[in-house]
1. Do the conditions hold for A:GLY214, that is, is it of a type in the set (Gly, Ala, Ser), in the same structural domain as A:PHE173 (by TED's automatic domain parsing) and open to solvent by 60 Å² or more (accessible area, probe 1.4 Å)?
2. In region A:241-328, which helices (runs of 4 or more DSSP H) lie fully inside it and hold 2 or more residues that are closer than 29 Å to A:THR139 by Cα?
3. Looking only at strands (runs of 3 or more DSSP E) that lie completely in region A:127-217, which have at least 3 residues being in contact with a strand residue (DSSP E or B) (Cβ under 7 Å, 6 or more places away or on another chain), more than 17 Å from A:TYR317 (Cβ to Cβ) and in contact (Cβ under 8 Å) with a residue 12 or more places away in the chain?
4. Output the number of the condition that A:CYS240 fails; it satisfies all remaining conditions of (1) crowded, with 19+ Cβ neighbours inside 10 Å; (2) away from chain B (no Cβ under 13 Å); (3) without any contact (Cβ under 8 Å) to a residue 40 or more places away in the chain.
5. Hey, among the residues in region A:183-208 that are open to solvent by 30 Å² or more (accessible area, probe 1.4 Å) and in contact with a helix residue (DSSP H, G or I) (Cβ under 7 Å, 6 or more places away or on another chain), which one's nearest to the other protein chains (Cβ to nearest Cβ)?
6. When only residues in region A:267-288 that are among the small types (Gly, Ala, Ser) and touching a residue at least 12 places away in the same chain (Cβ under 8 Å) count, which is nearest to A:ARG319 (Cα to Cα)?
7. Only one of A:TYR164, A:TYR158 is within 26 Å of A:GLY271 (Cβ to Cβ) and touching a helix residue (DSSP H, G or I) at 6+ places or on another chain (Cβ under 7 Å). Can you tell me which?
Amino acid sequence: MSNRFSFSTADEVITLLVSANEHLREQNQQLSFLSCQMAGAFRDSGYEPLGTSMASALLNCEEISKQIGLITAALGRYREELYRLYTDGLIQKAGLPEPTYDNSPRFGQNGEALEQQNRQLAFLSEVKHRLREKDIPTTAREVYASLGSKCTVASNAYTGTAHYHPKKQYIKFHLESDLQHPCGPLSSYFHEVGHMIDFQARDGGRLSSDASFGEALRADCRNYIASVQKRYACSEDGACFHIRQEMMRCVNLYADASDIMGALTGGACQGIWGHSQEYWQKDPDRFRREAFACFFSAVMGIQGRAEAVQHFFPTAYRRFLELLKEAL
Amino acid sequence: MIQIDEQLLASAEDYFQAFGHMLPLRMLPLHLSNETLCAQIADCIARGKDDLTEQYCGGDDEDILY
């Protein structure tokens, strides 16, 4: 039995128990009310033993309800423990070392080494946090643990634009800046790792080359613009204006959508974030590669980013998760 | 060419300022692809960061993905 099956089974049982207990309490309250109403009648008619039995049954019901509550709580703790073991397994699979705090004088005397060590600890801490985050799809975390975490980092102090080099199969980024990325910690790192997964998960081809993924991206973009046109009863240009304004309200959460909407509309529906139009023009297929990396960074990112991607690209997002499963 | 909204531009410049001499990692703000960007790059070059121009142009390897 897999962990995932156990989680869902435990969740279902907990939900059933909570529901059953609520129902039992409601019934008990009604019975208790009835018992109070009939107390006088029982006494006057000489049926006091019936009233006593009823009171006893009510107490038993309360006791059963308490027991169900205890079982539910125990099952909840079991589920949490199971989840902890599962995420520990993910971290182990990802090969992330345990943080070690070296307070020896050589670090104390060398500020640079200490800073570097702290950055590395912050990186490990953030990645582990992501692997334990319940809101992140399990598939994404498992793909990162099995493949993404093995990505070669040629430089984590690169001051140019972070990138993935498909021929040399490495990424370069700036860890210190990325830990404070406006779109959430390690946004660039997970974006570049997304490129790496796209390139290396499937033998002889890229996951993002999937025809239906590209079609879904285009269709979702068209549909979104059409829906805004309908909502505001405006032209396509007017819809693009409204979309730009919408993106400006949540600049960083919409960064990934801004990038891909910008690619598909020649920049007409783009917020602040995005690759340059020159970049898109060099290769018409780049929007798929970047969409895959953006989606991966979004699902591994802070709460709200994946939801933003789903908001603009619902079909493509579903297809992305299906493609991600192929990487397992 | 997109009409540049002053508010958008101001926000983009805030980002730029937050990152000091660097452009925002990975992504480049579209709305800076005008005189402002040129001025910023010129400023960076003046500060000895002339590799930035190459970075912005995408480098010389067409396969690299940002």
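1. no
2. A:255-264, A:286-299, A:305-312, A:314-326
3. Numbers: elements: A:152-155, A:163-165, A:170-172.
Qualifying strands (runs of 3 or more DSSP E): A:152-155, A:170-172.
4. (2)
5. This residue is A:ARG206.
6. Checked region A:267-288; the qualifying residue nearest to A:ARG319 (Cα to Cα) is A:GLY274.
7. Working: A:TYR158 fails: touching a helix residue (DSSP H, G or I) at 6+ places or on another chain (Cβ under 7 Å).
Within the list A:TYR164, A:TYR158, the selection yields A:TYR164.
The values are calculated or read from the model by the stated rules, or taken from the named source; none is laboratory data. Every value quoted in this text rests on a predicted model; they were computed, and no experiment measured them. Every residue, glycine among them, receives a Cβ derived from its backbone with ideal geometry; neighbour counts consider all protein chains shown. Keep in mind that these areas ignore ligands, DNA and RNA; they rest on the heavy atoms of the full protein, side chains included. Shrake-Rupley method; radii C 1.70, N 1.55, O 1.52, S 1.80 Å.
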